[in-house]
Amino acid sequence: MSQPFKTIALIGKYNSPELSEPLLRLANFLVERQYDVLVARQTAEQIGASAYSMANLAEIGGVADVAVVMGGDGTMLNIARTLVPFNVPLIGINQGRLGFLTDVSIDTMFDTVAEMLAGEFSSEDRILLNAEVWRSGEKVFDACSFNDVVVAKGNAGRLIEIEVSIDGDFVNSQRADGLVVATPTGSTAYALSAGGPILHPTLEAIALVPICPHTLSARPIAVNSHSTVEITITYADDARVHFDGQRHFDLKVGDKVVVRRAKSTVHLLHPVDHSYYDMLRQKLHWGEKL
């Protein structure tokens, strides 16, 4: 598969001075190969990349052919949500602990990135979720998530009670620490820790995973990604809704969290030899041959 790339945006993990040297070396590597390099302004100011053109993320979205994100999955989650309206493909270079989304090794990034920019890559579209909080008939908050929307107990540490409906049909009531609504991407994050299924990234599905439910019969369920999920708080001393673990909003009894698939998708680029199942074996240490 071939696709021309001319303007390459470089974005580094926030407040990570250890990335200065490899990111600057990558910028120089790309310039030597006649690419136009654009460094995210916040990144450039932190690492001293004044020799290169700088731009904020909105400007990058308007001009970049591809964005190379150096950091961990948390960095990729944030950048993906910001750039998704611009349809900019993303390449992730892993500097974090797991690297489910950032799958290019920092040790081999020069050869790998050069091959990918020359057209040797595989592409993958990932869905996102939009969530709204409704209170007394009025929308009071909304946000986008790449991994998950989590309705959960807050600082009080007590179980909350919720009612769940899908496409207007009542599903169940739960007393639990909370509920994770996860994309296939997020199925290997918090949802997995709560006992949810691993969903292949290409599935048109989302998973609803209870967190420590008080009823033993409460089980995870996967539904069509075009479903509308409604979660109503029926009892809580303290409750919150979290978005990718990076934003949150405090909830009250009677609040309704409405979760739908976002219209836009994130475009991830992988090396040609990328295998989702190899990645799972490596990151989760399962499925190894005996």
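Quickly run through segment 216-243 and pick out the residues that are part of a strand (DSSP E or B) and touching an Asp or Glu at 6+ places or on another chain (Cβ under 7 Å).
Within segment 216-243, ASN224, THR232, ILE233, THR234, TYR235, ARG240 meet the criteria.
Of all residues in segment 37-65, which are over 23 Å from the mean Cα position of the chain (by Cα), surrounded by 13 or more Cβ atoms within 10 Å (Cβ to Cβ) and farther than 18 Å from ILE93 by Cβ?
SER53, MET54
Quick one: how many residues across segment 83-132 are basic (Lys, Arg) and over 26 Å from SER20 (Cβ atoms)?
Matching residues across segment 83-132 total 1.
Working only within segment 50-69, note down all residues that are in contact with a strand residue (DSSP E or B) (Cβ under 6 Å, 6 or more places away or on another chain) and either among the aromatic types (Phe, Trp, Tyr) or free of Cβ contacts under 8 Å to residues at least 12 places away in the same chain (or both).
TYR52
The conditions are (1) surrounded by fewer than 23 Cβ atoms within 10 Å (Cβ to Cβ); (2) in a helix (DSSP H, G or I), and GLN34 fails exactly one of them. Which is it?
Unmet for GLN34, out of (1) surrounded by fewer than 23 Cβ atoms within 10 Å (Cβ to Cβ); (2) in a helix (DSSP H, G or I): (2).
Going through ASN28, ASN78 one at a time, which residue ends up being more than 15 Å from the chain's Cα centre (by Cα) and assigned to a helix (DSSP H, G or I)?
Answer to the check: ASN28.
Checking the structure you have, find out if any residue of segment 210-224 is within 18 Å of the chain's Cα centre (by Cα) and either of a type in the set (A, V, I, L, M, F, W, C) or modelled with pLDDT of 95 or more (or both).
Scanning segment 210-224, I find no residue that is within 18 Å of the chain's Cα centre (by Cα) and either of a type in the set (A, V, I, L, M, F, W, C) or modelled with pLDDT of 95 or more (or both), so the answer is no.
Among the residues of segment 190-206, which ones are touching a residue at least 60 places away in the same chain (Cβ under 8 Å) and buried (at least 23 other Cβ atoms within 10 Å of the Cβ)?
Within segment 190-206, ILE206 is the sole residue that qualifies.
Could you say whether any residue in segment 113-123 is within 20 Å of the chain's Cα centre (by Cα) and among the aromatic types (Phe, Trp, Tyr)?
No.
Of the residues in segment 103-120, how many are assigned to a strand (DSSP E or B) and either modelled with pLDDT of 95 or more or of a type in the set (Ser, Thr, Tyr) (or both)?
Selection size over segment 103-120: 1.
Would you please name the residue that is farthest from SER173 (Cα to Cα), looking only at residues in segment 244-264 that are in a strand (DSSP E or B) and touching a helix residue (DSSP H, G or I) at 6+ places or on another chain (Cβ under 9 Å)?
SER264
Could you please let me know if GLY196 is in contact with an Asp or Glu (Cβ under 9 Å, 6 or more places away or on another chain), of a type outside the set (A, V, I, L, M, F, W, C) and under 30 Å from ILE91 (Cβ atoms)?
When the stated conditions are applied, GLY196 does not pass them.
Kindly indicate whether any position in segment 207-219 is closer than 30 Å to VAL68 by Cα and in contact (Cβ under 8 Å) with a residue 60 or more places away in the chain.
No: zero hits.
Would you check which residues across segment 88-102 are at pLDDT below 95 and either more than 15 Å from HIS274 (Cα to Cα) or in a helix (DSSP H, G or I) (or both) and list them?
Answer for segment 88-102, where residues must be at pLDDT below 95 and either more than 15 Å from HIS274 (Cα to Cα) or in a helix (DSSP H, G or I) (or both): GLN95, GLY96, ARG97, LEU98.
The values are calculated or read from the model by the stated rules, or taken from the named source; none is laboratory data. Because the structure is a prediction, the values reported are computed rather than measured. Cβ coordinates were reconstructed from backbone atoms using ideal geometry, including for glycine residues, and neighbour counts include every protein chain displayed.
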